[in-house]
Amino acid sequence: MKNSKMIYERKALISKRFNRAFRLLIFFIFHSFIFHSFTSCDKYDTFTTDRSATLQFSSTEVVFDTLITTIPSATQTLTVYNRGDKGLRIRQVRLVGGAGSPFRVNIDGQDLSRTADNSATDFEVRRRDSIMVRAEVTVSEFGNDDCHEVGDELIFTLESGVEQHVALRTVGQDAFYLDRRTLAQDTTLTARRPILVRGELSVAEGVTVTMEAGTRLLFHDDAFMTVHGRIVAQGTLDKPVTFRGDRTDHIFDYLPYDRLPGRWQGITIAPESTGNVLDYVDLHGGTYGIQCPLPGDGNAVVPITDETPLKLSLTNSLIHNIKGTGLMLRDCRAEIANTEISNTLGHCVDIVGGDVVATHCTIAQFYPLDANRGDALHLANVLERVYHPLYRADFINTVITGYADDVVMGEWAKPSMLPSDVTEALEEYHFIHCFLATEIPTSSEFINRFVGCVYDDPHGEYAHEKNFAYMDTHAFVYNFMPLPISSICKMANPAYSVAWPTDRRGHDRMTDGTPDAGCYEWKE
């Protein structure tokens, strides 16, 4: 009993000493924290006027992309750092151009343009801290066709009297504007200035619109073109006719908006339109590319005869980065040559019925943003259970490939879909000396449709995208020139190449007598 009492008393003493030590420890930690907080705060709030203490900037200049005058730019961001151990006070920030500056600047939440001289005062940048500068610009019209550099300077005056400068720069150009316009008489669109299109640009029936080499049509996101008459776009290798979106800025430093699909709508060639000529045309970034729909509700059948006029001649051209179908042809006559049609969420080329010949084309389905992409080539003689005779679909010396092992698909009318006066459905398609990513035909029914073709081997070392010179799916930069090791090289039939002796980039494909398939000839 005595021992138990002694043990109890000893435990109580230990507990008492422990509690006292614990309270002392808490007291020490608390007062140390308070002391450190006050001393830290004092250091944090210390500002210097030492002239050697200066700001640092994420860039010494803010550069905007080339802008269309009167159109506001996107916002650019500049970070201003104080990497020193003491705070810095900024006495004033001002634009040298004053009230007349085209630039608009917001610094740490203060808008300089709200003052008469485009300036603001009294900023603090604490030690090892930063503030944000956001800048925009709208360039006024110049009244001429030239590009003009526009600039200003942002001056930071520190409390020490030190001045630090950041340059602001852009290039502006006037444009012609076509807002919800119908061209009701023959018109020539000039290359003198970009043409900014908003809403629908319509070409009236019976009217011919000619586009000079170098003409640039920039479409707003809701803009599109409908052709009831005809367009004649005669570009050149150095001065193509361009159809694109109107955003000239970047989404990231490495990626301009112009490389993204879906930046505008597209071009519709109406059923009554014929005789359209597109040579050296660059069409990219649309929701759809070029579509030639059926009349009315889409169930009508347009018969093709020897007298049927050519609806579309598409040569030496590019349709690329499209959010829907690249080229849609319905019951029409079309000729395509030396043309690249690539990277579309829908089919690159979608043909239902009609009479189409494609020579030395590259049809490449490597759309990077959605695995549920369409085919490189889709052929059919039926649409919504209505029979549309496919009089001819000939592909000659053409490359048709993509990410998938089979990117050539067909849809054919069943006997029950044929009109009473039709005993056999027309599905006249042929591939002549083509490079194809598709199943190798084995039955006699199909072998005769594939003449001299080479097939993209899905198990080969150089399959699919590895056939080509360069593909950057991060920056959306592609070069579909075949590598010399690719089977695409030297496989084309020169008898068909004579009509197209140079490729889309102007390279001679007949030098060695063994041209490459597709629209690009390999060159070192």
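The values are calculated or read from the model by the stated rules, or taken from the named source; none is laboratory data. A quick note: this is a predicted structure, and the numbers were derived from the prediction, not measured. Positions of Cβ are backbone-derived with ideal geometry, glycine not excepted, and every protein chain shown enters the neighbour counts. Just so you know, the surface numbers come from the protein's heavy atoms only, side chains and all, with ligands and any DNA or RNA stripped out. Shrake-Rupley method; radii C 1.70, N 1.55, O 1.52, S 1.80 Å.
Descriptive notes on the structure:
- Of all residues assigned to the stretch 184-200, at least one qualifies as being polar (S, T, N, Q), in contact with a Phe, Trp or Tyr (Cβ under 8 Å, 6 or more places away or on another chain) and at pLDDT 95 or above.
Each row is one residue, and each column tells you yes or no for (1) among the hydroxyl-bearing types (Ser, Thr, Tyr); (2) under 29 Å from ASP370 (Cβ atoms); (3) open to solvent by 40 Å² or more (accessible area, probe 1.4 Å); (4) at pLDDT 95 or above.
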{"residue": "THR274", "(1), (2), (3), (4)": "yes, no, yes, yes"}
{"residue": "THR287", "(1), (2), (3), (4)": "yes, yes, yes, yes"}
{"residue": "VAL302", "(1), (2), (3), (4)": "no, no, yes, no"}
{"residue": "LEU312", "(1), (2), (3), (4)": "no, yes, no, yes"}
{"residue": "THR315", "(1), (2), (3), (4)": "yes, no, no, yes"}
{"residue": "LEU318", "(1), (2), (3), (4)": "no, yes, no, yes"}
{"residue": "LYS323", "(1), (2), (3), (4)": "no, yes, yes, yes"}
{"residue": "MET328", "(1), (2), (3), (4)": "no, yes, no, yes"}
{"residue": "THR339", "(1), (2), (3), (4)": "yes, yes, no, yes"}
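- Scanning the stretch 181-198 finds no residues that are under 22 Å from HIS284 (Cα atoms), acidic (Asp, Glu) and more than 22 Å from the chain's Cα centre (by Cα).
Condition check ((1) in a helix (DSSP H, G or I); (2) crowded, with 18+ Cβ neighbours inside 10 Å; (3) not aromatic (Phe, Trp, Tyr)) across all residues:
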| residue | (1), (2), (3) |
| --- | --- |
| ASP457 | no, no, yes |
| GLU461 | no, no, yes |
| LYS466 | yes, no, yes |
| HIS474 | no, no, yes |
| MET481 | no, yes, yes |
| PRO484 | no, no, yes |
| CYS489 | no, yes, yes |
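- Within the stretch 491-500, one or more residues are at pLDDT 95 or above, of a type in the set (A, V, I, L, M, F, W, C) and not in a loop (DSSP other than H, G, I, E, B).
- Residues in the stretch 336-366 that are farther than 18 Å from ALA492 by Cβ and in contact with a Phe, Trp or Tyr (Cβ under 8 Å, 6 or more places away or on another chain): SER342, ASN343, THR344, LEU345, GLY346, GLY353, GLY354, ASP355, GLN365, PHE366.
- Elements of the type strands (runs of 3 or more DSSP E) sitting completely within the stretch 66-159 and holding at least 2 residues that are open to solvent by less than 60 Å² (accessible area, probe 1.4 Å), closer than 30 Å to HIS220 by Cβ and modelled with pLDDT of 95 or more: these cover 103-107, 129-137, 147-158.
- Residues of the stretch 185-205 satisfying the condition of being open to solvent by 70 Å² or more (accessible area, probe 1.4 Å) and farther than 22 Å from GLN265 by Cα: GLN185, ASP186, THR188, ARG192
- Scan of the stretch 113-135 for residues that are more than 16 Å from ARG83 (Cβ to Cβ), of a type in the set (Gly, Ala, Ser) and touching a residue at least 40 places away in the same chain (Cβ under 8 Å), ordered by number: ALA135
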